[in-house]
Amino acid sequence: MSRRALHGIFSVALLGLLYTPLLAWSESTQYSDDQIKAVFLYHFTSFIRWPEDAFASGDTDFRICTAASDPINKTLSAIIAGESVNNRGIELYTLAEGDQAESCQILYLPGNGDDHLLERLNDGAARTLTVSDDKEFIKRGGMIKFHFERGRIRPVIHKSRLDNANLKASAKLLQLATLVSE
């Protein structure tokens, strides 16, 4: 068998290994929605590529930001403990009222998040991936929303907003997601 064929088989198998447990996990009743969303947020660190100017320096940690009172924080903190992505540690930063989110690589806004914060991040200069579970998040200017359908959580991605922020989603993530342009 050719090297190219083996690489293709390996890629398909890897895709199955990465997403089958995640999708099965999202169907299971033993895990909460917050636990599933935390796993997605963690995996976004690997399946989206940020430009170097998204970080203050070459050794700056990768920062996932959430609201201080968000119930996802405990699970997300446990998942990212001791983890790294592209030789950067991963830290959870909880935003207080009035904090700036421009130093965040991922900003998770639960429910009806801060529209003013979202507007500032969507000016094109920020390199922050915005994510929410709010049904209207894409219409409000967000990049990825968690969509609940038949007991599953699936990401809905507005790809042109990622492109505008110079964020590159992997083909694997794009295959899993629903893509929208509205």
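Give me, ordered by chain and number, the residues 5 or more places off Ala67 or on other chains with an amide H under 5 Å from its own placed amide H.
Answer set, sorted by chain and number: Leu95.
Short version: ³J(HN,Hα) in whole Hz for each residue of the stretch 34-46, in order, from phi by Karplus 6.51 cos²θ - 1.76 cosθ + 1.60 (θ = phi - 60°), x for Gly and Pro, what are they?
5, 5, 5, 4, 4, 5, 4, 4, 4, 5, 4, 4, 9
Applying a 10 Å radius around every beta-carbon, put 47-60, 129-142 in order of their mean neighbour count, most first.
Numbers: 47-60: 13.2, 129-142: 19.6.
Per-residue mean Cβ counts within 10 Å order the peptides as 129-142, 47-60.
Around Ser77, what is the net charge, scoring Lys/Arg as +1 and Asp/Glu as -1 over all other residues with Cβ under 15 Å from its Cβ? All intermediate terms of the calculation are to be shown ahead of the outcome.
Details: positive: Lys37, Arg63, Lys74; negative: Asp34, Asp61, Asp70, Glu83, Glu91.
Local charge sum for Ser77: -2.
Count charges around Lys145 for me, please; just the other residues with Cβ under 9 Å from its Cβ, Lys/Arg as +1, Asp/Glu as -1.
Charge balance near Lys145 sits at -2.
Counting Lys +1, Arg +1, Asp -1, Glu -1, what net charge surrounds Gly89 among other residues with beta carbon under 11 Å of its beta carbon? Intermediate results must be reported in sequence, preceding the final value.
On the way: positive: Arg63, Arg88; negative: Asp59, Asp61, Glu83, Glu91.
After counting each charged neighbour, the total is -2.
With θ taken as phi - 60° and the coefficients 6.51, -1.76 and 1.60, list the Karplus ³J(HN,Hα) couplings across the stretch 87-104 in order, rounded to whole Hz; mark glycine and proline as x.
6, 10, x, 10, 10, 9, 10, 9, 7, 9, 3, x, 5, 8, 10, 5, 8, 8
Rule-based calculations on the coordinates, nothing more; no lab input. Keep in mind that this is a model prediction, so the values were computed, not measured. With ideal geometry, Cβ positions are generated from the backbone for all residues, glycine too; neighbour counts draw on all protein chains shown.
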